[in-house]
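Below you'll find the structure, written out as structure tokens, and then a few comments.
Nothing in this text is a laboratory measurement; each read-out follows from the coordinates by a stated rule. Values in this document were obtained by computation on a predicted structure and should not be read as measured data. Cβ: placed from backbone, ideal geometry, glycine included. Neighbour counts: every protein chain shown.
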Amino acid sequence: MKFNKKANLIKLIHVGKTKLGLDDELYREILESCTGKTSSKQMTPAQLEAVLDRMKQLGFVVDSKPKSEVKNLAGDPQSKLIRHLWLQLHEAGQVRNSSEKALAKFVENKVGVSALQFLSSKHADMIIDHLRMWCKRCGIERLEPQNEAQKVES
């Protein structure tokens, strides 16, 4: 985890260098004045944060991008049904994590495909059957949308 934090800080510092328009000589002077070191790779996370703070004082603004877990959800009927079943299992306490990422990992473990949008019809049917059996074992009653509409009309 420290490695990831350090790597992210280094990346952010390099973005700051670019946005502030610092040449290499001035960049290294800033590093040395803040930490006594001329390479970000030699610094501790605390030292990297000190450099980042100095860059912020010089006018660097860190743009925070919203972290969206899911960019393009599969919207075909099979994927919607898979997602529906997954959420029902979550609501029943059978699935701890209801996220799209957790569902994708489940699908990958079952059929070797990393996301719903990449499922073939055959693999989607396999996942649907598996989730339906899981629901049945747990006593979860599930009505499909067309069945609900037929019951209302009757």
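With the simple spin-label model, which puts each label point 7 Å out from Cα in the Cβ direction, the GLN117 to ASN97 separation comes to 2.0 nm. Annotation: segment 2-57 has a Kirkwood hydrodynamic radius of 10.9 angstrom, from the mean reciprocal C-alpha pair distance. Distant-in-sequence amide contacts of VAL113, defined by a placed amide H-H separation under 5 Å and a gap of 5 or more residues or a different chain, comprise GLU108. Cross-link pairs exceeding 28 Å in C-alpha to C-alpha distance, out of LYS110/LYS136; LYS17/LYS37; LYS5/LYS110; LYS80/LYS105, comprise LYS5/LYS110.
For segment 96-109, putting each phi into the Karplus relation 6.51 cos²θ - 1.76 cosθ + 1.60 with θ = phi - 60° gives couplings of 6, 10, 8, 5, 4, 5, 5, 4, 4, 5, 4, 4, 4, 5 Hz, in residue order, rounded to whole numbers and with x for Gly and Pro.
Annotation for ASP53 and LEU87: the two label points, set 7 Å from Cα along the Cα-Cβ direction, are 4.5 nm apart.
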